[in-house]
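The values are calculated or read from the model by the stated rules, or taken from the named source; none is laboratory data. All values reported here derive from a predicted model rather than from experimental measurement. Ideal geometry is used to build each Cβ from the backbone, glycine not excepted, and the neighbour counts take in all protein chains shown.
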Amino acid sequence: MPQWRLTEETAGLIDMLVYAPNLAQALYAAHELGVFRYLADQQATPEAVAEHCGMPLESFEMLLGVLRAMDLVHVGAAGALELNPAVAPRLTGDLARHLPFQQEIVYPGLAHLAAALRSGTNSGVAAFPGAGATLYDRLAGTRLERILHDHLHATSSEALPGLIGTGALGGVRHLLDIGGGTGTNALAVAHAHPDLEITIVDIPSVVKLASDNIAEHGLSERIHAVAADVFVDRLPGGADAALLAHMLPIFTPGENIALLENLHHNLPDGGKVLIFDPMLDDDEAGPLGSAAHRLYLNCIAAPGARLWSGKSYEEWLRAAGFTEIHRYPGLPAAHGVRIGTKHSSE
Ligand SMILES: C[S@@+](CC[C@H](N)C(=O)[O-])C[C@H]1O[C@@H](n2cnc3c(N)ncnc32)[C@H](O)[C@@H]1O
């Protein structure tokens, strides 16, 4: 057991966390108002930024004070503002897609964290109108569904080189991308494996987004998107591998084992299942970012949702009949991959 000790740094961290919501909101607002995008393109005076971003100078000066205190914006020669180059990619690139997700989905949902913890369910989902039990049901067809999938896109984009780098998809002919979302993973995998055919399976509103995205990338010949409930409907046949990317965290262990058993039944001899997720350490005490993200999954996303350890995935793969388990820990964005193979004779 670790010996916890309250040090000056711990006390400082707690003091900072008390004010962290204000800092996070300043970050979200600066992103929403276009401050980071504007300063990524040029240095500018406070007056120019305030005018471009549509707010009174006094308001911007207050926001600027926080951004400077966080070392995100510097004042250069002649008073021109510049974005700290070390943070610019996180505030303007793909990774900035996490900001609206945190602002509009995680923040409102986790305002109900204590109630969700007391109730033992994802009651934070009540922050979103609708009757569905999961966030996915409630956001279907709304503006926030796009924000959710932009966040998933950013997460996948960071971690995908790790999945592709395993080489595990070499030799696969037809991949089922179960709960494949808008197609970020399928597109990257298709580019890395030019002979691979992919079928995304997801709920109808997401299949529409995926089909549009795939068509935009000119890959509709090789990547198909099929609407199905993976617990109710028959899975498409003919695939020799299945990808579960960010899918198992949103279901309970019983549901996950049932899904893996269904895939075991669906795949041919030698067929593989690949699980690609941020994974908790085996003692479930970290990493810190994953421990934080787990709160969103469990208290907002779906009943029983949470991140899992690689050890849990290996147990479930075996329980569903898969053998020859391969593990690839330590991929980018705290991700890991677990792979199981179906051998009918065993
Ligand atoms: C966390 S997202 C992961 C999306 C994508 N795989 C990725 O890595 O970005 C989970 C996906 O599962 C889909 N989903 C949830 N329940 C489902 C079900 N019962 N049947 C099919 N898809 C489902 C959601 O619509 C969503 O696109």
Residue in the range 248-302 that is farthest from the ligand (Cβ to nearest atom), counting only those that are in contact (Cβ under 8 Å) with a residue 40 or more places away in the chain, of a type in the set (G, A, S) and surrounded by fewer than 16 Cβ atoms within 10 Å (Cβ to Cβ): G270
Any hit, the range 93-110, residues being within 14 Å of the ligand (Cβ to nearest atom), surrounded by 19 or more Cβ atoms within 10 Å (Cβ to Cβ), in the same structural domain as N298 (by TED's automatic domain parsing) and more than 30 Å from F36 (Cβ to Cβ): no
Subset of the range 238-247 [more than 9 Å from the ligand (Cβ to nearest atom) and assigned to a loop (DSSP other than H, G, I, E, B)]: G238, A239, D240
Residues (closer than 14 Å to I105 by Cβ and assigned to a loop (DSSP other than H, G, I, E, B)) located in the range 116-137: N122, F128, P129, G130, T134
Residues located in the range 138-179, provided they are away from the ligand (no atom under 11 Å from the Cβ) and either part of a loop (DSSP other than H, G, I, E, B) or among the polar types (S, T, N, Q) (or both): G141, T142, T166, G167, A168, L169, G170, G171, V172, R173
Qualifying residue in the range 306-320 (condition: farther than 25 Å from A241 by Cβ and touching a residue at least 24 places away in the same chain (Cβ under 8 Å)): yes
Residues satisfying the stated conditions in the range 185-229, i.e. over 12 Å from L243 (Cβ atoms), within 14 Å of the ligand (Cβ to nearest atom) and part of a helix (DSSP H, G or I): L187, P204, S205, V206, V207, K208, L209, A210, S211, N213, I214
Near pairs, Cβ below 6 angstrom, 6+ apart or cross-chain, from the range 49-75 (among the small types (G, A, S)) to any residue that is surrounded by fewer than 17 Cβ atoms within 10 Å (Cβ to Cβ): A50/L57
